[in-house]
Amino acid sequence: MRLTLARYRTYGGVANYLRAARDLLAGAHRHDDDVPAFEAAFARWTGSPHAVMTSLARVGIHDLVRAYLPRGGRVLMSPYTIVDVVNMVLAAGATPVFVDVEPATGNLSPAALEAAVQRLPSGEAMVLVTHLHGVTADMAAILAIARRAGLPVVEDAAQSLGAELDGRRAGTLADAGVYSLGSYKNVNAHFGGVVVTEDARIADRLRAVRDARPLFPTRHLLRKLRESTVNDLLGAHPTWGLALFPLFRQAFLRDWEHLNRLLRIELDTALRPSVPAYMLGRPTSLQARSALVQLPRIDAHAQARIATTSRYLAALEGHTGLALPPPPDGLRHVSTYCAIQVRGSTEQVRARRHDLLRHLARAWRDVAAQHLHDVSALPSFRHLGGTCPEASRIAGAVVLLPTYPGYDDEQIDANLEAIDRWR
Ligand SMILES: Cc1ncc(COP(=O)(O)O)c(C=O)c1O
């Protein structure tokens, strides 16, 4: 048995850092001349007429909410997402209206959306749909409800670059779509995002807003590069398997919270009513060049993740303690992770998930819990109203099985054998 591979890895590999170093020396971080070439290639790749690179996916969401709604408008959205997406809606001057999710996927529930639309007070509103874990939401039903009510729909495809529905890319199924180019995403531009839309006026508006911002300062770019290089080195084979995983495994099994926290994400659950200044930059050529060379690999990587997920799902079918996501169907679900759930009520699932993760750690498997919250239930957001029981349950239930390229059959089978012994 080889050493345990890490739960997460950044995309792009060593070549991505070497390219960044070369581009830094050439000064590509001081201009954005290469951004239009990336945008054109991305638009071609998605089949959408307009692509606008943004500083981050979350800032793309902020700018789209501003473009579609006047201040005080409402955004119907799932609370099972990153806290900052909700913050961006608030920062754009809108009010989130939390809508519960589907039990199997954690994506927006059409039935709950229909009910929320019926209850909407007068005034302008829009729908924000998240395709979580690379699994496409039920867009036909969601679009039908939104169209009947005359609401624009934006897709948060930050986790779903490469997913498809009926031959069309997730992110191009509604009025506008947002993708993330963060370091753990399948196109890693160190940080960044892209918005696609068929509406030239929306694209022009987003571009004008972005172009009024200053280029990202070099120190910010260097800090992000340093962070992702360090994370990547620490997570690399064999550093992780030989030294760090044994340490973090011990920390997890012995509840050493100060170390456990280092592997957790979404620790900051504060409400932030404005966009932090450091997020409001213009993406540079360094990021655009990095993203451009990774585009041709998206579909092959998606197929590899789909194959991995199919292997997990075939073996786990019938496991009485687990609920499984819908199977990937061709390129439909790109399966950023294979997001399985422990079964049980909201009161039971957290303890059961912890039990599964402890069991896996004892078996030397490095597997992560999904750390997203039901944002509607967080103390700083509760005043916004809306209870979402499914979002609360699923936030305690999901375990993310790795699917990244290079996570090989031996590792997958070791995960499966360990899970099979947990009932
Ligand atoms: C569902 C979802 N939406 C939005 C984002 C934000 O992406 P970015 O970090 O590029 O702002 C993320 C990032 O992980 C995400 O998972």
Tell me which of these residue 173 doesn't satisfy, since it passes every other one: (1) under 15 Å from residue 47 (Cα atoms); (2) within 15 Å of the ligand (Cβ to nearest atom); (3) of a type in the set (A, V, I, L, M, F, W, C); (4) part of a loop (DSSP other than H, G, I, E, B). (2)
Give the number of residues within segment 154-170 that are part of a strand (DSSP E or B) and more than 24 Å from residue 83 (Cα to Cα). 4
Considering every residue within segment 235-257, establish whether at least one is surrounded by fewer than 17 Cβ atoms within 10 Å (Cβ to Cβ) and within 14 Å of the ligand (Cβ to nearest atom). no
What are the residue pairs meeting all of these: first residue in segment 138-160, first residue closer than 25 Å to residue 184 by Cα, second residue within 16 Å of the ligand (Cβ to nearest atom) and among the aromatic types (Phe, Trp, Tyr), Cβ atoms under 7 Å, and 6 or more apart or on different chains? 157/179; 158/179
Inspect all residues belonging to segment 103-114 and state whether any of them is within 30 Å of residue 167 (Cα to Cα), at pLDDT 95 or above, in contact with a Gly (Cβ under 7 Å, 6 or more places away or on another chain) and of a type in the set (S, T, N, Q). no
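Here's the yes/no breakdown for (1) small (Gly, Ala, Ser); (2) assigned to a loop (DSSP other than H, G, I, E, B); (3) without any contact (Cβ under 8 Å) to a residue 24 or more places away in the chain; (4) under 30 Å from residue 34 (Cα atoms):
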site: 223; (1), (2), (3), (4): no, no, yes, yes
site: 232; (1), (2), (3), (4): no, no, no, yes
site: 250; (1), (2), (3), (4): no, no, yes, no
site: 260; (1), (2), (3), (4): no, no, yes, no
site: 265; (1), (2), (3), (4): no, yes, no, no
site: 288; (1), (2), (3), (4): yes, no, no, yes
By residue number, the members of segment 296-346 that are basic (Lys, Arg) and closer than 19 Å to residue 416 by Cβ are 305, 311, 343
Would you please name the residue that is nearest to residue 130 (Cα to Cα), looking only at residues in segment 183-209 that are within 12 Å of the ligand (Cβ to nearest atom) and among the small types (Gly, Ala, Ser)? 193
Quick one: how many residues across segment 234-243 are under 25 Å from the mean Cα position of the chain (by Cα), in a helix (DSSP H, G or I) and in contact (Cβ under 8 Å) with a residue 60 or more places away in the chain? 2
Determine which member of the set 369, 414, 351 is at negative phi and free of Cβ contacts under 8 Å to residues at least 12 places away in the same chain. 351
Which numbered condition in (1) under 19 Å from residue 305 (Cα atoms); (2) surrounded by fewer than 23 Cβ atoms within 10 Å (Cβ to Cβ); (3) more than 11 Å from the ligand (Cβ to nearest atom) is the only one that residue 212 fails? (1)
Just one of (1) part of a loop (DSSP other than H, G, I, E, B); (2) away from the ligand (no atom under 12 Å from the Cβ); (3) within 29 Å of residue 12 (Cβ to Cβ) trips up residue 151, so point out which. (3)
Report the residue count in segment 45-57 for those that are in contact with a helix residue (DSSP H, G or I) (Cβ under 9 Å, 6 or more places away or on another chain) and over 14 Å from residue 206 (Cβ atoms). 1
How many residues are within 20 Å of residue 244 (Cα to Cα) and within 16 Å of the ligand (Cβ to nearest atom) when one looks only at segment 359-378? 2
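The values are calculated or read from the model by the stated rules, or taken from the named source; none is laboratory data. Remember, predicted model here, so these are calculated numbers, not experimental data. Counting neighbours? That spans all protein chains shown, and the Cβs are built from the backbone with ideal geometry, glycine included.
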